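Data first, discussion second: the structure below is written as structure tokens.
The values are calculated or read from the model by the stated rules, or taken from the named source; none is laboratory data. No experiment lies behind these values; they were computed from the predicted model shown. As a convention, Cβ positions derive from the backbone with ideal geometry for all residues, glycine included, and neighbour counts pool all protein chains shown.
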Amino acid sequence: MLNASLGQLRFAPSGHVAGIDMNAALKIVEVRGFEPGVMSELLSAAEGGLIEAMNQKELD
């Protein structure tokens, strides 16, 4: 699911990753028939790790 959401990233004006467009990601969840409550929790946790990793990569 996270891979499907990678095209839905939001960026800050500085170019850093600001997060996942959750409205779009949850629409993908709905279309794929996943449990929205569970997936929203998992996506929120994954979003935090993704932001940290992507922004750290830019600093390296």
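Sort out which residues of region 28-60 are among the small types (Gly, Ala, Ser) and free of Cβ contacts under 8 Å to residues at least 40 places away in the same chain, and write them in order of number.
Across region 28-60, the qualifying residues are 33, 37, 40, 44, 45, 48, 49, 53.
Kindly indicate whether any position in region 34-44 is assigned to a loop (DSSP other than H, G, I, E, B) and modelled with pLDDT of 90 or more. Walk me through it before giving the result.
Here is the first cut: in region 34-44, the residues assigned to a loop (DSSP other than H, G, I, E, B) are 34-35.
Add one more test, that the residue is modelled with pLDDT of 90 or more, and what stays is 34-35.
Within region 34-44, one or more residues are assigned to a loop (DSSP other than H, G, I, E, B) and modelled with pLDDT of 90 or more.
Looking at region 8-35 only, could you name the residues that are touching an Asp or Glu at 6+ places or on another chain (Cβ under 9 Å) and surrounded by 11 or more Cβ atoms within 10 Å (Cβ to Cβ)?
Quick first cut of region 8-35, residues touching an Asp or Glu at 6+ places or on another chain (Cβ under 9 Å) only: 8-10, 15-17, 19-20, 22, 25, 29.
Passing the criteria: 8, 9, 10, 16, 17, 19, 20, 22, 25, 29.
Can you spot a residue in region 14-27 that is assigned to a helix (DSSP H, G or I), of a type in the set (Asp, Glu) and free of Cβ contacts under 8 Å to residues at least 60 places away in the same chain? Lay out the reasoning, then the answer.
Step one: filter region 14-27 for residues assigned to a helix (DSSP H, G or I), giving 22-27.
Okay, now just the ones that are also of a type in the set (Asp, Glu), so none.
No; the residues of region 14-27 include none that is assigned to a helix (DSSP H, G or I), of a type in the set (Asp, Glu) and free of Cβ contacts under 8 Å to residues at least 60 places away in the same chain.
Applying the selection to region 14-32, what residues are of a type outside the set (A, V, I, L, M) and at pLDDT 90 or above? Spell out the reasoning first.
Of the residues in region 14-32, the ones of a type outside the set (A, V, I, L, M) are 14-16, 19, 21, 23, 27, 30, 32.
Matches in region 14-32: 19, 21, 23, 27, 30, 32.
With respect to residue 46, determine if the residue is surrounded by 16 or more Cβ atoms within 10 Å (Cβ to Cβ) and not acidic (Asp, Glu). Walk me through it before giving the result.
Values: surrounded by 16 or more Cβ atoms within 10 Å (Cβ to Cβ): yes; not acidic (Asp, Glu): yes.
It is true that residue 46 is surrounded by 16 or more Cβ atoms within 10 Å (Cβ to Cβ) and not acidic (Asp, Glu).
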